[in-house]
Structures are given as structure tokens and as C-alpha cells.
Amino acid sequence: MWRAGRVTYAVRVTTSEGEQSGGAGAERTPGGGGAARPEERLEQAVRAAEQALIEFEIAVETFRVEVENFSRLHEQKLGPVYARLEELDAQILEARAARSDDPEDRRRADEARARLMPIPGVEELLNGWMDGDGLFPEATAMLTDQPVRPPRRVRPSEEARRLYRDLARKAHPDLAQEDKERARREEFITRVNAAYARGNEDELRELAEEWAAGPELKRVPSASEELYARLEWLARRKELLTLVARELEEGAIGSMLRLAPDDPDRLLEEIAEQLRTQVTEREAELAALLA
């Protein structure tokens, strides 16, 4: 699974040993004088920046999927317990208001109850855990130690990750030199991202076969002006992705993932146990007020 941590971007442009020693890999001027073309170093920089950006986007997308799936797990496993705590808090405030007959206690109790009132369309908002009549039976599973149904999305397997990385490297839109080819790649990568988010290995394999059977376009060498413009665009894209990565890492779910990168499920269980303890304490407090 994804190891939570800093998502970094790095570009390194080096000269191969073959180029340094005048080997077969080095490009020469038509005159054979041994000097590299003026654009050669710039082309190397563009290729390195493109590859680094692709790897960075893969890392950010992997983290995004992990955060999304962990968020769903968090809501599915802990949401019912939080709901039970909120209900108990409202009942405790109502019991206190009934005993004290204090207007301020009544106001606090009414506000707490109002926050728990059903909202139209809440079933869609809470991913099938609650409707206008309250929690579904599955939603109380965590309170009774019953098995919780698995989330609709699971973390992509290692094989799904491998297939995704391979497809992202081959079909990334930034590798296109023409608008038509870029549009084709963008549409294809959208489907790849959707299959990866679902963790669907079979669909990713089918997409890999589809890409392998697709048209192969030759990369057209760029002029110096186009290479410089390309580097500037890559730099802007990198800055945008850096902001996205920072938001994911600094968000509540990303911060939780960093607490237990190797076993986030165990972290959820520990939090659930703490919440169940609070539920027991609230139930005892409510029972004492109603006695």
C-alpha cells in the first residue's frame, strides 16, 4: 500500500558515459566535428522534466486514491459510533434540561437536537448509512461488534498499482506533441484513473491491451523556443501538483495516514475502541440522569 509521507518531485539531468567518451549514444553535428547540437542539452532537460513530472503525478494520484479510500473506511467504520455519541450527548442535555428547568439548559438541548434532525437526501450524502428515519442496521454494527460490510472501494492491489504506473508512463498526455494525440491520451488516462480508483485489475489489463494495439505516433523534435516553452509549462504543472500534494498531506485523513502508514486499519480499530469507551461512559451518565 501507499507509504504515507512527503510526495516529492525531482529532476536530474545527466550526461551518459557514452556521451562523455564519444560513444555511439552521443549525437554529433552533421559535419562530424564531435560537438553536440545546441538543442541536445535542452532536449535532455525536457525529457528529464517530463519523466519526473509523470512520476510525480503517479505518486500524487496514488496518494489521492489512498486518502479517498481511507476516508471511506473512516466514515464507514467510525461514522456510526460518532452518530451514537452525538445522540447520547443530545439525550444527556435533554435530561439535564428536564431536571433543571433552566432556559439555558433547554436552549443547549434544543440546539443539540436540531443538529441531529434528518436532512433531505442524507442517504446519498452518507453513502447509504442513514436515511430520514435514522441509521441503517449495518450502521450499528460497530456498536455491537458485528462484521461491517466492506467498503465499495478497496485499496488498489500491488498488481493494480503496477499496471497503473505502466499505463501512466506510456499514455501520459504530456508525452504528446500534437493536440489530437493529447486529447486521445487525456481521454484514455481518465479511464485508467477510474479503473485504478476502483482497484479493477482486469479493467486495467484490458486498457493496457487497448493501448498496445493503438496508433504509435513518432515524437517530433522540437525547436529551441518550443523546448523552453515546454520547460516553463512543466514547471507550472509541477507547482500545481505540489499544492495538491500538500493539501492531501496536511488534510485530516492524510495526517491520520501518516500516523500509521503500514497499518491504517489498526489505527481505525484503536480509534473505534476509544469511541466505544466514550459511548459506554455517556450511556452510564444518561442512565444516572434518568434514574
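The values are calculated or read from the model by the stated rules, or taken from the named source; none is laboratory data. Since the structure is predicted, the reported quantities are computational estimates derived from the model, not experimental observations. Cβ: placed from backbone, ideal geometry, glycine included. Neighbour counts: every protein chain shown. Each accessible area value is taken on the protein alone, full model and side chains, heavy atoms only, with ligands, DNA and RNA left out. Shrake-Rupley method; radii C 1.70, N 1.55, O 1.52, S 1.80 Å.
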Selection from region 61-94 of residues that are aliphatic (A, V, I, L, M), more than 16 Å from residue 272 (Cα to Cα) and open to solvent by less than 10 Å² (accessible area, probe 1.4 Å): 65, 88, 90, 92
Qualifying residue in region 216-232 (condition: at pLDDT below 85 and open to solvent by less than 30 Å² (accessible area, probe 1.4 Å)): yes
Within region 191-212, tally of residues that are without any contact (Cβ under 8 Å) to a residue 40 or more places away in the chain and more than 14 Å from residue 62 (Cα to Cα): 7
Those residues of region 192-215 which are modelled with pLDDT under 85 and open to solvent by 80 Å² or more (accessible area, probe 1.4 Å), in sequence order: 198
Subset of region 175-190 that is among the aliphatic types (A, V, I, L, M) and free of Cβ contacts under 8 Å to residues at least 60 places away in the same chain - its residue that is farthest from residue 162 (Cα to Cα): 183
Given (1) modelled with pLDDT of 55 or more; (2) of a type in the set (Asp, Glu); (3) surrounded by 16 or more Cβ atoms within 10 Å (Cβ to Cβ), index of the condition residue 19 fails: (1)
Filtered residue count, region 42-75, keeping only those that are touching an Asp or Glu at 6+ places or on another chain (Cβ under 8 Å) and under 17 Å from residue 171 (Cβ atoms): 3
Residue match in region 268-276 (condition: aliphatic (A, V, I, L, M), in a helix (DSSP H, G or I) and closer than 30 Å to residue 46 by Cβ): no
Test set (1) at pLDDT below 85; (2) under 26 Å from residue 48 (Cα atoms) - residue 135 fails condition number: (2)
Residues that are open to solvent by 20 Å² or more (accessible area, probe 1.4 Å) and modelled with pLDDT under 85, drawn from region 159-171: 165, 169, 170
